[in-house]
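The values are calculated or read from the model by the stated rules, or taken from the named source; none is laboratory data. Keep in mind that what you see is a predicted model, and the values were worked out from it rather than measured. Cβ placement follows ideal geometry from the backbone for every residue including glycine, while neighbour counts extend to all protein chains displayed. These accessible areas exclude ligands, DNA and RNA; they are computed on the full protein's heavy atoms, side chains included. Shrake-Rupley method; radii C 1.70, N 1.55, O 1.52, S 1.80 Å.
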Amino acid sequence: MKTTELRDKYLEFFKSKEHAIIASASLIPENDPTVLFTTAGMHPLVPYLLGEKHPMGTRLTDVQKCVRTGDIDEVGDSSHCTFFEMLGNWSLGDYFKKESISWSYEFLTKVLEIPVEKLFVTVFEGDNDAPRDEESASIWQEAGIPKDHIFYLPKKDNWWGPAGVTGPCGPDTEIFYDTGKPKCSDHCDPSCSCGKYLEIWNNVFMEYFKHEDGSFTPLSQKNVDTGMGLDRTCAVLQGKESVFDTDAFTGILSCIASLCGKAYDSDEDTKRAFRIIADHMRASVFIIGDPKGVTPSNVDQGYILRRLLRRAIRYSKHLGIADGSLHIVAEKVINQYDDFYPELKTNHDKIIDEINKEEERFSKALTGGLKEFDKVISKLEGNTIDGKNAFRLYDTFGFPIEMTVELAGEKGIKVDVDGYKACFAEHQKKSGAGAVGKFKGGLADNTEATTRLHTATHLLLASLRKILGDTVFQRGSNITAERLRFDFSFERKLTKEELAQVEAMVNEVIEKDMTVSFEEMPIEKAREIGAMGIFDSKYGEMVKVYTVGNFSKEICGGPHVTHTGELGGFKIKKEESSSAGVRRIKAVLIDK
Ligand code: SER
């Protein structure tokens, strides 16, 4: 079965079970500063899993574009990909285990016609947070899965979420396909990574909320969140070992072959380079071509994109592909996907242009940088490239640190990454560029900078309400190490005077060095005392209310600074429209 066919069949099947088909959301998460990209189908649906009403109803199905950046450097083997499409179906407080499991069984055995003896499932074995899931096991058995194909596993295997640090999550039941390979040992079961059992679908019974302190509380509604990797399942159905051997990659790989004049499977080294270029170009096309697409830069999503493109450029050079050719691969990707993802059509020129620009910027520097790298290695005393040299490769030749680490690793050499970060921070300080950009590909951490901006957001909301009135509510917020972005309800553009007043009010509170503290209380009490909050049902029974003197009161998980003086100074950079009835402010903190 081809990937396009599986996509259609999945949506059709769940439509027949009264699910509304919704379009893939953006790859860039809207209101979650803790992750850079949408990593799962449930991610954009978090507000609805937490109780907000979805306009399309309580049963939804879709194909969601996802990017996971945790293992960019693993891409090149047979299984890792950064971009993938996740098929999913959701119950928002509608059906639960019985329907979810029965439909999964029906889809796999009737629509995809997988023989029952090929299917194995796992269920949650239970712990202090949630009970053993005997209910799911018996539903599987009733459906037709033999008892000896059902395995109970612990939280590390059979629990999913949250997508960020906090959020909805729950026990899951995972479905595996038996490839027919021999067991690797007597203990070989679906939790084994030897490749005998391949996971094709995950049904999460999402009924808990995980808090910042690691505790779990029940959600107000029980949901189902399922996810099936499109390419991976196709590989299984097509009897292929690797997603790169499926029709999802046939055209892209042959395009690369025609550019370098080599065959994909000439040898392992060539194969790896092909896979890296294919995956990274596919991801880059989708990241730039997203409705909220980004362009290469040195921070956040833009930095991940730069890493992907520069790694693809490096490997295309390795294969002998002429400089400035990667847009041809991008063209192939766009062509393959733009029927289902029309945004790639709309943003076609932008995608090609950005890829060309990045290739132009980096191709020349790469040759010089590789020479410099060899020089550094030849002069090396010991086994580690120091931070200074790694920083020079970044600063002068545009080598992302991860690339230097990878190049060094190929020669069995290490890199002093902490030393590199110290040089980077020193340079930022000198150039007045502010906080250090992100080094992590996945979760953003609660750095000092984001914590301060988080507190600033509370001061901003309180000031807006005091100056513009009680119709102002928070509609969204996004914080990076450099700035805050805050969306709020208001009908018109703010005047210069209003903006100046808001800025002055926030600065006044900062100067007063007010205490920031929190108290845990039941949600009703928080509402009674007038604490601000966006999604009521997002919170468990008990909530944290952060107060800043008598100035601001907000339901929030934190963390925050302890005194407003720590913020230094507050500056509004921009005020603009975000959508109808919603304004957006971008602001920064400055040292005083
Ligand atoms: N959220 C689950 C996953 O990503 C199921 O959709 O696997």
*In percent, what relative contact order does segment 285-421 have, based on Cα pairs under 8 Å that are 6 or more apart in sequence?*
23 percent
*For segment 235-320, just say rounded, prolate or oblate: build the C-alpha gyration tensor, square-root its eigenvalues into a ≥ b ≥ c, call rounded for a/c under 1.5, and beyond that prolate if a/b exceeds b/c, oblate if not.*
oblate
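Hey, what's the per residue convex hull volume over the C-alpha atoms of segment 446-563, in cubic angstrom?
On the way: hull volume 12.7 nm³, N = 118.
Dividing the Cα hull volume of segment 446-563 by its residue count gives 108 Å³.
Determine the relative contact order of segment 550-592: mean sequence separation of Cα pairs under 8 Å and six or more apart, normalised by residue count, in whole percent. Don't skip to the end; give the middle numbers.
On the way: 41 pairs, mean separation 15.3, N = 43.
Relative contact order here is 36 percent.
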*Have a look at 56, 100, 79 and report the one farthest towards the positive end of the charge dipole of segment 1-157, computed about the Cα centre with Cβ charges (Lys/Arg +1, Asp/Glu -1).*
56
*For segment 478-514 and segment 29-99, distance of Cα centres in Å*: 32 Å
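How much of the DSSP beta bridge set in the chain is antiparallel, as a percent to the nearest 5? Spell out each step's value before the answer.
On the way: 71 of 81 bridges.
Of those bridges, close to 90 percent are antiparallel.
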_Taking the alpha-carbon distance from residue 2 and a cut-off under 28 Å, which lysines remain once sequence neighbours fewer than 8 residues away in the same chain are dropped?_
15, 17, 65, 110, 118, 181, 196, 240, 262, 271, 332, 345
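According to the square roots a ≥ b ≥ c of the eigenvalues of the Cα gyration tensor, what is the shape class of the chain, taking rounded for a/c under 1.5, prolate for a/b larger than b/c otherwise, and oblate for the remainder? Write out the running numbers ahead of the final one.
Numbers: a/c = 1.75, a/b = 1.10, b/c = 1.58.
Cα axes put the chain in the oblate bin.
Counting alpha carbon pairs within less than 8 Å and at least 6 residues apart, what relative contact order, in whole percent, applies to the chain?
12 percent
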*So what does residue 194 come to for accessible area, using a 1.4 Å probe and Å² rounded to 10?*
60 Å²
*Largest first and in whole Å, give the semi-axes of segment 273-315's equivalent ellipsoid, each being the square root of 5 times a Cα gyration tensor eigenvalue.*
18, 12, 5
_For q = 0.15, 0.20 Å⁻¹, Debye-computed log10 I/I(0) when each Cα of segment 1-74 counts as one equal scatterer_ = -0.61, -0.95
